[in-house]
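The values are calculated or read from the model by the stated rules, or taken from the named source; none is laboratory data. In this text, all values refer to a predicted model and were calculated from it rather than measured experimentally. With ideal geometry, Cβ positions are generated from the backbone for all residues, glycine too; neighbour counts draw on all protein chains shown. Each accessible area value is taken on the protein alone, full model and side chains, heavy atoms only, with ligands, DNA and RNA left out. Shrake-Rupley method; radii C 1.70, N 1.55, O 1.52, S 1.80 Å.
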Amino acid sequence: MSDVPALSIQGLSKTYDNGFSALKGVDLTVPQGGFFALLGPNGAGKSTMIGIISSLFKPTTGSVHIFGTDLLENPSIAKQYLGVVPQEFNFNMFEKVEDILITQAGYFGIPAKEARPRAKRLLTALGLWDKRDSKSRDLSGGMKRRLMIARALIHKPKLLILDEPTAGVDIELRRSMWEFMQQINIEENTTIILTTHYLEEAEQLCKRIAILDHGEIRINTEMKGLLAQLSVETFVFDLETPLNEQLALTGVTDISQPDKQTLEVTLTEGESLNGVFDQLSDKGIKVGSMRNKANRLEELFMRLVDKNIESANSMKEAGL
Ligand SMILES: Nc1ncnc2c1ncn2[C@@H]1O[C@H](COP(=O)(O)OP(=O)(O)OP(=O)(O)O)[C@@H](O)[C@H]1O
Ligand SMILES: [Mg+2]
C-alpha cells in the first residue's frame, strides 16, 4: 500500500455538453504523503479535474484511481479516502456550523456520537468553535472557507483536495490555514493537493508541482527545478526622489524609466538587488517601495507560452 499513489489519473478528458473540451488527455500521479500543487491560469481545467475526482460529473474518457481504487468502478470505497474543498461554497446556508459536520459524517456512516469529538477538534483548530451554533450563512467569507475545510476532514480522508482554498482570504488567516494544513499533513499523514494562483504559496508548501494550461499538463516537476527557470526578474522601484535624467546602473540586465518616480530594473541570476540599492543611495535617490513587476506565476506562464511559440516557429522553419 505504501507505494500506491494517492492519486493516479490516466488519459482524462472532458468535453462539456456544449462541445467545449476542458481536459485533453491528462495523466497525473500524485505520490502519498506530501503537499502537491496544481497550478494554472483561469479556465485551465483545474476545477473540471477536481469535479471529476469528486464525482460531480463523469469524464469523457480516462480513469481516476484514489489510493489504488478505481473511482468509476468502486466509487463508495474511493470516496472514503477523499475529502474535497470545492472552489464554491456549497453547504446548506441554513444549517448550523456543527450540524454541517455531523451531517457530513453521517454520509460516511460515522454516527453522531463518534463524529462530535472530531467536529469539536476540527472547529477548535480552525477557530470556529465559538460559531458552532451559528447558521453557516451568518459566517464571514474566511470563516465559510474554514468550515468547508473542517467538513472535508470530518471522515479523516487520506487525500485532501483543496480548490483555491485561500482565494479572498487575508494574509494572517492564510498563514494560519497553512499551519493547520501542515499539521494535518504530518499528524494524520494526509496527502494534500491544492490549486492556487499564487506561486509563492505553492513554493512554500509543496515539493512537487504540476501546471495545467488549456486542459493539458505542461509541467510536472519538483518545485525547486521549476523556480530555477525563473532566473530573470524585473523589479519596480517607486522613487521618492524624482529622476530628471536618464539613469545609468552597472550590474543589471535592463533598466527603464516609465516616469520620473518609477524605475524598472531587470536582473538575471547572479546580479544583485543590493547592488542596485547601493548605487541608488550613492546617487542620492531615495526608494519609497519596491515590488516584483509580474506575479511570478504569470511570468512563468509567459515563458512557457514563449517557449511553445518558439518551438512552433522552429518546427515551421524546419518544414515540420
Ligand atoms: N459546465 C460547463 N459547460 C461548458 N464549459 C464549461 C463548464 N464548466 C467549465 N467550463 C469551461 O471549461 C474550462 C475550464 O474551467 P475550469 O473551471 O475547470 O477552470 P479552472 O482552471 O478551475 O479556472 P479558475 O482558475 O478560474 O478556477 C473553462 O473554459 C470553462 O469555461
Ligand atoms: Mg477553478
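I need every pair where a residue in the range 174-189 that is closer than 16 Å to Leu122 by Cβ has its Cβ under 8 Å from the Cβ of a residue that is basic (Lys, Arg) and at pLDDT 95 or above, sequence separation at least 6 or different chains.
Once the first residue is closer than 16 Å to Leu122 by Cβ and sits in the range 174-189, its partners that are basic (Lys, Arg) and at pLDDT 95 or above give Glu188/Lys156.
Return the residues of the range 45-93 that are open to solvent by 40 Å² or more (accessible area, probe 1.4 Å), of a type in the set (Lys, Arg) and within 14 Å of ligand 2 (Cβ to nearest atom); say none if nothing qualifies.
Once the filter is applied, which keeps residues that are open to solvent by 40 Å² or more (accessible area, probe 1.4 Å), of a type in the set (Lys, Arg) and within 14 Å of ligand 2 (Cβ to nearest atom), the range 45-93 yields nothing.
Is it the case that some residue within the range 206-220 is surrounded by fewer than 18 Cβ atoms within 10 Å (Cβ to Cβ), assigned by TED's automatic domain parsing to the domain that holds Gly43, touching a helix residue (DSSP H, G or I) at 6+ places or on another chain (Cβ under 8 Å) and outside any strand (DSSP E or B)?
yes
Of the conditions (1) touching a His at 6+ places or on another chain (Cβ under 7 Å); (2) closer than 21 Å to Ile154 by Cβ, Ser8 satisfies every one except a single condition; which number is it?
(2)
Would you point out the residue of the range 138-169, among those that are in a strand (DSSP E or B) and away from ligand 1 (no atom under 15 Å from the Cβ), that is surrounded by the fewest Cβ atoms within 10 Å (Cβ to Cβ)?
So the residue we want is Leu159.
So is Leu7 away from ligand 1 (no atom under 14 Å from the Cβ), open to solvent by less than 10 Å² (accessible area, probe 1.4 Å) and at pLDDT 95 or above or not?
yes
In this structure, is Trp129 of a type in the set (Phe, Trp, Tyr), under 17 Å from the mean Cα position of the chain (by Cα), surrounded by fewer than 20 Cβ atoms within 10 Å (Cβ to Cβ) and more than 16 Å from ligand 1 (Cβ to nearest atom)?
no
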